[in-house]
Every structure is written in structure tokens, then in C-alpha cells.
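Worksheet: the structure to be examined is printed underneath.
The values are calculated or read from the model by the stated rules, or taken from the named source; none is laboratory data. On a predicted model such as this, the values are computed, not experimentally measured, just so you know. Quick reminder, even Gly has a Cβ in these numbers, built from the backbone with ideal geometry, and neighbours come from all protein chains shown.
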Protein chains: 4
Amino acid sequence: MDIVSFEPDPYQYAYTFGGVPPVMSIKPGTALHLWSEDAFNKALTSVNDVASEKLDLRYVNPQTGPFYVEGAEPGDTLAIHIVDLTPARTWGASAAIPFFGGLTSTDRTAMLQEALPEATWIYEVDTDAGTVGFQSRFGNLELALPLAPMLGTVGVAPSGGEVRTSLVPERFGGNMDTPEMRAGTTAYLGVNVEGAMFSIGDGHYRQGEGEACGTAVEGAMNSILIVDLIKGGAPTWPRLETDEHWMVVGSSRPMEDSWRIAQVEMIRWFGELFDLHHMDAYELMTQIAEAPIANVVDPNYSVVVKVQKSLLPRRSAFDGMHDELRTMASTLR
Amino acid sequence: MDIVSFEPDPYQYAYTFGGVPPVMSIKPGTALHLWSEDAFNKALTSVNDVASEKLDLRYVNPQTGPFYVEGAEPGDTLAIHIVDLTPARTWGASAAIPFFGGLTSTDRTAMLQEALPEATWIYEVDTDAGTVGFQSRFGNLELALPLAPMLGTVGVAPSGGEVRTSLVPERFGGNMDTPEMRAGTTAYLGVNVEGAMFSIGDGHYRQGEGEACGTAVEGAMNSILIVDLIKGGAPTWPRLETDEHWMVVGSSRPMEDSWRIAQVEMIRWFGELFDLHHMDAYELMTQIAEAPIANVVDPNYSVVVKVQKSLLPRRSAFDGMHDELRTMASTLR
Amino acid sequence: MDIVSFEPDPYQYAYTFGGVPPVMSIKPGTALHLWSEDAFNKALTSVNDVASEKLDLRYVNPQTGPFYVEGAEPGDTLAIHIVDLTPARTWGASAAIPFFGGLTSTDRTAMLQEALPEATWIYEVDTDAGTVGFQSRFGNLELALPLAPMLGTVGVAPSGGEVRTSLVPERFGGNMDTPEMRAGTTAYLGVNVEGAMFSIGDGHYRQGEGEACGTAVEGAMNSILIVDLIKGGAPTWPRLETDEHWMVVGSSRPMEDSWRIAQVEMIRWFGELFDLHHMDAYELMTQIAEAPIANVVDPNYSVVVKVQKSLLPRRSAFDGMHDELRTMASTLR
Amino acid sequence: MDIVSFEPDPYQYAYTFGGVPPVMSIKPGTALHLWSEDAFNKALTSVNDVASEKLDLRYVNPQTGPFYVEGAEPGDTLAIHIVDLTPARTWGASAAIPFFGGLTSTDRTAMLQEALPEATWIYEVDTDAGTVGFQSRFGNLELALPLAPMLGTVGVAPSGGEVRTSLVPERFGGNMDTPEMRAGTTAYLGVNVEGAMFSIGDGHYRQGEGEACGTAVEGAMNSILIVDLIKGGAPTWPRLETDEHWMVVGSSRPMEDSWRIAQVEMIRWFGELFDLHHMDAYELMTQIAEAPIANVVDPNYSVVVKVQKSLLPRRSAFDGMHDELRTMASTLR
């Protein structure tokens, strides 16, 4: 297996999906050791740094990539398996940014109220304990929360010649901000352009479902991925697989539409896996699906629909790709 | 502890929250053994019964109750602890009802397309195995799914003299359709009228999050509850507690509003429990909240916001009511 | 034609649709001279009265009625023709109420921001000039705006035994808050209970589309109506007719659903009037419908879909009821 | 005044806002005579052409442009005045496209129902009568509807390096699909990139509010525009001005957000024009705003908020730009 390491210089960061030349070309089956900057572009390093003063909104959510995958063509399926995610710094940051987040008016849910107070929280990483430290800024509560690294953003170039900011979750993946995007997960993304042009970023040392205030414990991340290619079979929306679950991520507005998208794509997938009629799959999902919200803060809201494999007969999606990648991954750690 | 058993005659079923005289008056601290009819009012007993022919939409989701709780006044908090839920029949039913459900147009999300095909699924209960059996109607898949009994509907009379159909989830509880409403859960509901006038129903032998097609494995249920009263302290929206979690259920449309409601109520609760400033609570929720969707099919959509107690310092909500009810419950089984 | 006058005493005000005994029984074809209190229940009479201090939220939007219409049965159609609306006071009031309105967070679109500043605006009525006077409260602008009286609320008792606050617009009419509900308009409402039990209120001396801050120029109103009954033919959602337009009002959330409801009901109506296939009606609406928003502030949002009669062949809806009522009305003024 | 004519060859059509080199560079103050292809790219020329067979979805809504405006820089305001719109063909087309439109499930509002029947309607233009002819496809109704030419799409390149399909209405304008974009209207768009890079297209010979089925009477169009530049003053969202009205177009999802955006931008504008405090403007809008829906079918829904100038003291926006352009326009016809 080819193993490639890449740490971008700041001038190499990508801020969009699409519209950026590749940082390198890789073969299907390559393992990547990638470093990514945090979503604030390292603008917030202490509780005294507030977003409105330090954050340059033109340069947020920097992506590492895009990578050109040899042989990838529109209609193919890119498989990205996350082998390992390790914080690349000893601290992460989170911030209440004016008019950004789920419990404030925004540029979209436009209202006349004053902004919420600004604040920045710094979380110290305790690697030995496996925790990040929450310290309240308006009181005295301190908590050690389990480290639970994930990638907020994994995506490919959009279709139709579009170029989209890295803040958007969409059909092409992007800023889905789901805690399910963690070590052990394989993401399947439909390829829209030659080379797929995938990139990753937005490392979170931990994130709750919904990502209420809009920023997780944001931190630079060392990611180990294996990237592979399936000819054809492109899913309409991002599918995820772990040893335990089948998942789909839908992203749209209002949030019921995100859920509908994810449900319908899962029903489509179950049609493929189990030759199940869509009405039977609809009924079955009704009784077995889990539906954790991913984010309610990005330009599109994301919802995960998730099914426990153990409830169903054993099946291999995409010709057993996930198991194969798991095996390859085991040789890497 | 007073122990009261009640199995309503069909003429005693309630189809609304509010607007119905109590079936009986109980003292706070009473244990109730209740039987409830299924949401279809037993109209669907075989796969040959289709909803459009058998279902009388005026008489769906029959409730057992309402119960008048002595001493309950507006502003008080009713605590309903679910001790045990046991299927009262050997089968449950689920149905695709024309223009009802999450992946079809409805009377609200009105469109011009033809209805989906109608179908009814019957699930046999295997008590020994602890399963319900899924049998596909348009193919051959059969599955034994774990029994996971829950109550779709738990509610009190609304405020403002309103009377609402038992199909609606709202501030007063009602048809929230969350799998979290299971044995071991304590629900806290704000009292709006003298006597609280609570009722329960809509037993589900199992339900996925979202309740995609609109009907879970619907079945008559034997419920054991303990009902208690806290003077004052009424939450704005339903709060739930288990040994492991704090939870809030928000119900509205669009679904992002259901989530917002639940988040804000949880932040309010965390202010009470931990004396946490709302900005700190907002930040903390961002990193620790879970957000499983409950239903996307009722007139309001319901979302649960959920926090694992073990992540936080130990606190007693409502003066330790949940622990107290757990202790009482242990004497009942 | 029977002519009946009624001015309720405060103890007779209705605050709900359904759940209230009739103030009187009338025959179909009766003309009514009704007085209604303003939506604030006269709590705001000067710019110094702020809502949070003066408004009793249990007693807002008082309705005049309900009236029992002889012979009205479920499935029938109640026709309410507005002959004349005249301000019953020399001033109207409007207020910014904390966490109520379209450009603020609310109990549903729940957020953490501080409330907007409170303020009350008093509008003097100049009957001769036909204007109401806007005076800015935070500056010096004064404007004379044309009087344009309308009724915010016209409704019947709901179906299914429900009782709904008078603040809600729904299938049964209610608080639709559309400027189209003015003199010259006939409203057709489906009857849900024996006697129909309709009531009216929420007089607005003027209102823009959307009713942005949540309160129009609210004022006590003298209304002259003629009420008639059509056996059968109940529309699913409120239909309106003037000499110039066919209209439907849809009310739900999110607002696209309000629009969908109104469109589908209009297509249904065009099927009846023109024997038009729903696909042709869909296409035709695409090119000729108007779609003014009514309100974005009530528990449901209301949208009007509106078609100019002159674009189409002449047709009589409900057996020419509107023309008949116009003729009767002409004898009253 | 420079007068420039341009009719693109098909290979010159633009299908995105942003991401396309300019077809030419023009000076501020230039009059343009432009020809644009219809939104179907002329794929539907008879009622026998159905969208699923003839339409190439990669090449829909072709734009004429983009034009590089000399001196335009980010933060400036582009003024586009529509002098005249004349159908460039003797027929227009409209179509029901599977899973596209406002009263069908779509790729976003994803459901399991079958698609609506496909159909294409051809409208003959009668220039003398000033009408387009509707002919029902599932029955016999024929109607002559007034010609009311408008441009569905007017936009500039987006900010942040994004490239967006010409089907999207957004902050940069784009596919707003409002009947207000007609001869006599001046559109003000914030400039995001050097040269502004504006383009136009999607001529409609007529369109109702909401654009229910998703396609108006689509037709090739001859447009006469005058384009001018205001240094600075970029509005956040598109503003429109006619002799009679001030308008703003908001585009987002759900539709209440589109309305909120437009209201808040109008309040901002009224602050500039009348030095009105935002609370007074909020109150005033409540009583005077009109709110016609533009479209409920594009990836974002668009709502217009509109105020009649005659209700207010006379003011000149953007230093009297609209009046100036009207004067220039009068020399062109």
C-alpha cells in the first residue's frame, strides 16, 4: 500500500469544494497521513481572542486537499476510510460568534435582536486521561470530557461546475459536522468530476449532536485515511459504514428535508443490499432507524439516518469495501 | 403506596388532551396498572386490513385517562415514572396510511402526487425470545427484532382552555412518539389545569427514531406507572430523566424549531441544576448533547435533546424525584 | 332579511374556537351588526402602556360570538360576507411584545438572545381624511396612512372536538390575519360542528402583508356581515371570494406548507369551477396565481393564493352565493 | 450613452454565476441589447416534447453574460435597469418536470411517491393582442393571458470564490423568479468580485407568484438594459426599485427565512432612506409592507417585500440612480 504524508503550508489551504487545483495525485488504495488546521485558521488561541476581532471570515474552515484520485470519474464512488484521528495540538477552541449558531438569529434566520455576548472557550487536551477540559467563562464549572476526535468536513468537488464554500454540507459531503465521522468509519461519496478532488478538514476533538453554538472543540488534527475507488455505484447522498452501522447523511433546509433525504437514500441502499421493496424498507426503517441530528448551524442542516447491522442479515456493501479497508487499516497502526 | 388498576371500556377512551372528564381521581404517589388500546383502535388485525377501509379517523390514538391528580394546580410539575411496559397482545400492527407519514405528501405538505400503496404489517410477539417479527409484504424478508416497548403518548390537559387531539405532541406532552418514553423513564410535565388531567396511550412494541411511515409496531399495552406531584417548578416543555440521562422533548415545525425548543429548555434546566450561565450551558451542550429525532410524522415534529449524566457532577432534579420513584418502583416488580 | 345587532359584554368574549356556548342562534341569511374589542382587550391605550405590564396573555384576541347558525351541519359550507367594517374608536394601537413577532425569536423559534425593546404605537383615526396616523417612537417621522379596515380573525369551531385559542389560524379559519378579509369579501368555511359556531374579532384598521411585528393597527370594530349557509360542499381550507378574485388561505408551518395547502385547495376549486384536470390547473396557476403572504407571526403562518377572475371564463362558485350576498349587502348600506 | 448589442452563440452560454470568463467588458452607463435563450435551452418546442426525454439537465437556464463592468469592485453596487423586454419568439413553453416544482416531492423534499405525469404546454404569443395562449393538455380550456414579460434570472458572481448554478437565487441575485423583474425596474446588486460579472436570462413571457409547477411561460427574450455602477453602498440582498415601489428579494429555506431576510434588509434600507430607527421601521413595515411570494420551486425560495413609495415622504435611493436611469431609458425607446 502506498503511504503518503502531507501537511499543507497555509498558502495551500483550500476554502472551497471545487475550484481549486489538486495538491497531489494519488492512486486508489493509498494511505494518507494528513495534517489539517483548525476551522478558525488558528485565529483563536486564548479566551481573550474573540471571533469578531480575530477571525477572518474569508479564511475559515481551511481544507487539506484537494487530492486527485487516479481513475476516478463521474458516477464512481470514492471510499474514504478513517483509520485514526489524533489531536495535533494540546488545546482546542470553541467560540460564540455573533449571529452564527443554532440558538441565535443569523444572516438567514434574520431578526432584529442584538447579538449574543461573544466568548471563546479553550479546551486543554489531556492525552493520558483521554480528555478535553471544559472551563466555564461566566462561572466556575470545570469538566473533563472524553476526547472523541472526528472530522467535521469530508467532501469531493460538486457537480455542475459548482464551487462551494467549505462551510456547506451537501450532496458532495462537505461540512456535515457529524460525530459519526470518526476513526473506524468509511465514507462513500459519489464522484462528480474527474479525479474526485476530495479534501478534509475541520477537526473536532469532540462535538455534540446538533453542534449547537456552531463550533465544536475545534483543533488541528492528524488524520490517517485510506482512500479507495469503486467504479460506478455512486450514491446520491453520502453513505457511511462502520463495523456496526449503515448510515446516510442528508443535508438541506428545513431540517425535516435533511431527514427525508437521508431516509430515502437509506431505503434506496436497503433496496440494493437486501433487494427490499421500497414500501417494506420504509416500514422497516420506521421500526429500526436511528436518527441523530448532526448540525443545525451550517448553511444546510445535516441529519444522520443510521441502522444497526446486527438487526439484519449480513450483507457487504460496495463489494465488501469496508471490511477490506478495515483489514488494510489494521496493518497501519 | 396506593395501587390502582384501570382498564377502560371503549366508551371511556379519550381522544383529546383536555375537554374530557376524569376517569378517576388519584393521590400523588399512586401506582397505576393501566391497559391501553392500540393507536388504530384495534381496526387492523391482519395484513388484509387496510387503513383506508378499516380505520375510523375520528377514533384513533385512544387514551387511557384522564386522571385527576389531587392537589395538582397550574404551575406544578407532574412526575410520571414508567415502571414497566408489557405488550398486552401477542401481535402488533403497523400500516402505510394514505397521505400520512414522513416520506409522503400529507394534508400539510400538500402535493398533487398519488398516494403511496397501502399496506399493513403484522408483527408477532415472541415473549420468550423478546422479539417482534417483521415480515415483508412485497418480498420475502423476515426478521426478529428486539421488543422495545414504549409509550407514544403521555400528556396533560393544555393551557388556555385548549383541547387538542391525541395525535399532537406539544408543550403539554402528548403524542411525542419518542423511544425514550420507556420503562425506567420519569417524565416531568407542567400542570396547566387543576388536577393535571393526564392520560397515556399509543403503546409501541418497538419504534425507530423518526417513526418514518407514521406508525410504529402499534399494540395494546399494560403499563405500570407511578405518578407524583411536585409543587411549582413547572418546566416549559416536557423533561425526561433516566438513571443515565437528562432529556427534553421539543415539538413544533419546522423541525429545527423542535430542536431549538429542546436545546433552550435544556439550557434552562442546566441553569437550575448547575447554576450555569446560559452562554456556558450553550457552549457545553454544543460538545455533549445528543439529539435523536423522535418523530417527523405528527402535526408537530418532535426532537429529543439528551445529556449523559455521567459527564457531569451529580445533581438531583426536582428534589431527587427520579431516584425516589425508582426506589418505589423497585418495590412493585 | 333578519338584522341582528350584538355588542358583547366583556364576560361574553370568547377566547377560543370551539368550547364556548353560543351567544345566540341565527337563521341563514341574517345580517349582523357586531361590535368587537381589539386584540389587546383594550389593555394598551397610550404609548406609555407596554405589553409586558398591561397585557394579560390569557385574555387576548377576544372574539365576538360564537353564533349558532340554524341548520348548519358538518360538511356544510358557511358563507360570511363582510358588508362593512368601520373603526369603533378614534384610535388604534400596535405593540412590540417581547418574544412575539416575525423578526424576533419566539417560544417556538427559541433562541438565547435578549428581547427587542418594548414599545407601543398609537394611531389616531382621521375619519374625514380616511387615515390613521403613524408616529415614530424612536424618532420624528409622522405619516398619515390610508384606513384599510379588515378582520384578523374569522372562524368556526374546529373538528374532532378540538378547542383552539383564537390566536391560531387553521383549517377552520381563525386568526388568518390577511388584509383580504375586508368589506366586499365573502369567506367560505367548512362546518365542523352542528350550528357551525362562528365568531369574529381582531379588527385591524390597517395591516401590511406578513404582519411583521405581530400586531396590526389593532382596534375595536363595527362589522356588518351577512351570514348564509350552503348545504354540503365544505371546502377543506378557507376560500374567499370578491367581485374580482378567487382566493384560498393556507395556514401551517413552515411557510412553504401554507403556500402548498393554498395552491392545492385552489387547484381543487378550479377543478370544480372549470372542470379542469389537476395538471392543467397546476400549470395555469403557475402563470396566473398571486401569492401574498398574510402573516408570519401566528402559531401557524398564513399565505393567500389568489386568482383574478377576469383572466378566466365567468363562473359562479357555490351557486352564485357571492353575487347574491353582494345584492343583499347593497340593501343594507 | 454606449449602446452594445449581444446575442450569444450557444457555446457562449453561461450556466453558473461565477466561474465563467466575461463575454465582454462594458463601461458603467452602457445600454445593452441582449438576446437570451429560454430556460429549457430550446429543448421543448412542441407539446410532444417531454422534459425527461428532451431536457439535458446539465444545460438548463443558460445565461447571457457574464459582463465585466469596468471599475466595479467588491462593496460597490451594480444598478441594472430594465428598459424593455420583448419576446424573441412567437411561442413560449412550460413543462411539468418529474420531481421538480412546488406541488411535488423533489430531490430535497424527498419522498417515495411516483412522479406526477409529465406534460408540456406551448403558449402562442399574439403580439397584437398582447397575449399568450394557454391550452389545457388534459381537457379543453383555452385562455388568452396578458403578456407580462420578465426576467427570471439576474445576478452577479458570488462572494468567497463560489460558483453557483444559474438555478439558484441567492444574495447575489440569480434565479429569483419574481414577476417584479420587468421593464421599469432597477435592480441593485452588491458587487462581490472585480468587474461584478453580471449575467441575465430565463425570460418569462408571463409568470404567477410562486411559479407553482417550476416553469413559467419560458421563452427566448430580447432585453434592453442600462447598467450603471455606484461606488460603495452594496446592499446585503438584492434591492429593486420602480417608480412606485421599493422592494427587496430574500431567498432561502424554509420560506419564512426568505421573508425574514427581505424584511430585515428593507428595514435596513428604510434606516438609510428615512433615518428611521429599526423598531420604528419594524412597526411601519407591519402596517405598509406587501409580501408577494416569488418562487417556491428553486433550491432557495424567494419572497419579495415591497413598499409603495406614495405612502412615504419622497426620497432618492442611491443618489437618485433610478430616476436617472429612467431618464436615460426614455431616450432609448
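When B:V264 is tested against (1) more than 8 Å from chain A (Cβ to nearest Cβ); (2) under 30 Å from D:D257 (Cα atoms), only condition (1) is not met.
If only one of B:A281, B:A294 is more than 7 Å from every other protein chain (Cβ to nearest Cβ) and within 21 Å of C:M111 (Cβ to Cβ), which one is it? Matching residue, one of B:A281, B:A294: B:A281. The set of residues in segment D:28-44 being touching a residue at least 40 places away in the same chain (Cβ under 8 Å) and either over 19 Å from D:S166 (Cβ atoms) or hydrophobic (A, V, I, L, M, F, W, C) (or both) consists of D:P28, D:G29, D:T30, D:A31, D:L32, D:H33, D:L34, D:W35, D:A39, D:F40, D:L44. Residues that are part of a strand (DSSP E or B) and over 18 Å from the mean Cα position of the chain (by Cα) within segment B:68-99 comprise B:Y68, B:V69, B:W91, B:A95, B:A96, listed in sequence order. Consider segment A:170-210 and keep the residues that are in a strand (DSSP E or B), under 13 Å from the mean Cα position of the chain (by Cα) and of a type in the set (A, V, I, L, M). The one that is nearest to A:N41 (Cα to Cα) is A:I200. In summary, C:L145 fulfils each of the numbered conditions (1) in a strand (DSSP E or B); (2) out of contact with any Asp or Glu (no Cβ under 9 Å at 6 or more places or on another chain); (3) over 25 Å from C:I200 (Cβ atoms) with the single exception of condition (3). Taking residues in segment D:14-27 that are closer than 16 Å to D:N61 by Cα, and partners anywhere that are of a type in the set (F, W, Y), the pairs with Cβ atoms closer than 7 Å and at least 6 places apart or on different chains are D:Y15/D:Y59; D:F17/D:F172. Within the option set C:F318, C:F274, being of a type in the set (F, W, Y), buried (at least 18 other Cβ atoms within 10 Å of the Cβ) and touching a helix residue (DSSP H, G or I) at 6+ places or on another chain (Cβ under 9 Å) holds for one residue only, C:F274. Condition check for B:L141 on (1) touching a residue at least 12 places away in the same chain (Cβ under 8 Å); (2) closer than 30 Å to A:H277 by Cα: one failure, at (1). For the criterion of being over 26 Å from D:Q287 (Cα atoms), β-branched (V, I, T), over 24 Å from the mean Cα position of the chain (by Cα) and not in a loop (DSSP other than H, G, I, E, B), C:T286 passes. Under the condition of being away from chain D (no Cβ under 11 Å) and in contact with a Ser or Thr (Cβ under 6 Å, 6 or more places away or on another chain), the residues counted in segment C:116-139 number 1. Of the residues that sit in segment A:144-169 and are closer than 24 Å to D:D107 by Cβ and among the aliphatic types (A, V, I, L, M), which one is farthest from the chain's Cα centre (by Cα)? Across segment A:144-169, the extreme among qualifying residues is A:V163. On the given criteria, is A:T45 part of a loop (DSSP other than H, G, I, E, B) and at pLDDT 95 or above? For A:T45, the condition - part of a loop (DSSP other than H, G, I, E, B) and at pLDDT 95 or above - is met.
Just name the residue that is surrounded by the most Cβ atoms within 10 Å (Cβ to Cβ) out of those in segment A:289-302 that are touching a Lys or Arg at 6+ places or on another chain (Cβ under 9 Å) and in a strand (DSSP E or B). The extreme case among them is A:Y301.
The residue pairs whose first member lies in segment A:309-333 and is at negative phi, whose second member is in a helix (DSSP H, G or I) and surrounded by 12 or more Cβ atoms within 10 Å (Cβ to Cβ), and whose beta carbons are closer than 6 Å, counting only pairs six or more residues apart or on different chains, are A:L311/A:I288; A:R315/A:L273.
Residue-wise test of (1) more than 27 Å from C:F100 (Cα to Cα); (2) free of Cβ contacts under 8 Å to residues at least 24 places away in the same chain; (3) within 14 Å of chain B (Cβ to nearest Cβ).
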site: C:V4; (1), (2), (3): yes, no, no
site: C:S46; (1), (2), (3): no, no, no
site: C:D49; (1), (2), (3): no, no, no
site: C:R58; (1), (2), (3): no, no, yes
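In segment B:140-170, the qualifying residues are those that are among the β-branched types (V, I, T) and closer than 20 Å to B:E211 by Cα, and the one that is nearest to the other protein chains (Cβ to nearest Cβ) is B:T165. Selection within segment C:216-228: residues that are assigned to a loop (DSSP other than H, G, I, E, B) and more than 7 Å from chain D (Cβ to nearest Cβ). The member of this set that is farthest from C:Q135 (Cα to Cα) is C:A220. Taking the criterion of being assigned to a helix (DSSP H, G or I), touching a Lys or Arg at 6+ places or on another chain (Cβ under 9 Å) and either within 7 Å of chain A (Cβ to nearest Cβ) or within 19 Å of B:S316 (Cβ to Cβ) (or both), the residues of segment B:241-261 that qualify are B:E256, B:R260. Candidates in segment A:6-22 are the residues that are touching a strand residue (DSSP E or B) at 6+ places or on another chain (Cβ under 6 Å), assigned to a loop (DSSP other than H, G, I, E, B) and away from chain D (no Cβ under 14 Å); of these, the one that is surrounded by the fewest Cβ atoms within 10 Å (Cβ to Cβ) is A:E7. If the condition is being among the acidic types (D, E), touching a Gly at 6+ places or on another chain (Cβ under 8 Å) and surrounded by fewer than 17 Cβ atoms within 10 Å (Cβ to Cβ), then segment B:49-94 contributes only B:E70.
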